[in-house]
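Notes to accompany the following structure.
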Amino acid sequence: MHNRYALILIGLMVGSFACEQATAPTTLEVQPQAQPQPLEAWINSSTSSRFIPDYALRIPDPQQDDDMRNWTGSVYRGMSAKVTATQGEWRKVVYSQDATGWMLASELISQAKATQATTLRELKTYAEADFGQLNETLRIPAGTLLFILEQVDELSFVNYDGEKAAWVESALLSTDPSELKVSELIYKAKFLEEVLNGPNARVLDKARIKYPKAKLIDTLANHVSFKEFNLNPIMPTSDVAIEGTPTQKK
């Protein structure tokens, strides 16, 4: 089963997987190879993209005699990205229209090999594609952004957290576009608060304005810890306005 999942992720890579534990991945002594055709991918982790393909925290600043942080910005699970070049276990990606950075192949999932989904309720999980092999120790929470890797009869093999995967009941999955967007925002809100220790209340404002009919808005509001939440937000603003709706002037 794990071999099947590995083959899916290998669609974006030529080398082996790497993780931050044990030996940190470093730049290989090879030149980046451009992709003849950019590969469409989803980001499967909430992390940071990097200026150079190396896990070093700081790198030499080409403009002055100093070091600079080796990350370009935060990326979130569910974001779309284009893979434009490879270097060993690293992939050069373009995301958020024109932002560019390097990520590990294991932090990406090929859009050609997977389908996005979410769940409006907590999911039971199964060790195999068999309702008789219930995993009593693992439940997947409502609002989790999933990637469907395989379907067998009434069960789906899904990626649910980074490289983790499990079998779940297919009938309980939702592919509604609004629910998928709110599911993505749940990851963003958690990352902003838990990892960056920053304000994240605007994420909830955005969800309420852009996806007012999404059932997962309640999940977002009730199960995420929000900082600097404004009960009377001045909305919409330029980054959350519904297309065609004029923004409010300050």
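Just the residues that are hydroxyl-bearing (Ser, Thr, Tyr) and in a strand (DSSP E or B), please, taken from the stretch 34-87.
Matches in the stretch 34-87: 47, 48, 49, 74, 80, 84, 86.
Could you go through the stretch 81-92 and let me know if any residue there is under 26 Å from residue 167 (Cβ atoms) and either modelled with pLDDT under 95 or aliphatic (A, V, I, L, M) (or both).
Scanning the stretch 81-92, I find no residue that is under 26 Å from residue 167 (Cβ atoms) and either modelled with pLDDT under 95 or aliphatic (A, V, I, L, M) (or both), so the answer is no.
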Of 147, 131, the only residue that is surrounded by 21 or more Cβ atoms within 10 Å (Cβ to Cβ) and among the aromatic types (Phe, Trp, Tyr) is 147
The one condition residue 203 fails out of (1) under 27 Å from residue 103 (Cβ atoms); (2) assigned to a strand (DSSP E or B) is (2)
Could you please let me know if residue 101 is surrounded by 19 or more Cβ atoms within 10 Å (Cβ to Cβ), under 12 Å from the mean Cα position of the chain (by Cα) and under 26 Å from residue 160 (Cβ atoms)? no
Only one residue in 67, 61, 98 is at pLDDT below 90, outside the structural domain of residue 184 (by TED's automatic domain parsing), in contact with a strand residue (DSSP E or B) (Cβ under 7 Å, 6 or more places away or on another chain) and charged (D, E, K, R). Which one? 61
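Applying the selection to the stretch 186-200, what residues are touching a helix residue (DSSP H, G or I) at 6+ places or on another chain (Cβ under 6 Å) and either surrounded by fewer than 18 Cβ atoms within 10 Å (Cβ to Cβ) or not in a helix (DSSP H, G or I) (or both)?
Hits for the stretch 186-200 are 198, 200.
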Quick one: what pairs do we get from the stretch 135-163, first residue within 15 Å of residue 76 (Cα to Cα), second of a type in the set (Asp, Glu) and outside any loop (DSSP other than H, G, I, E, B), C-beta under 6 Å, 6+ apart or different chains? 145/184
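The values are calculated or read from the model by the stated rules, or taken from the named source; none is laboratory data. Predicted model only: the values in this text are computed from it and were never measured. Counting neighbours? That spans all protein chains shown, and the Cβs are built from the backbone with ideal geometry, glycine included.
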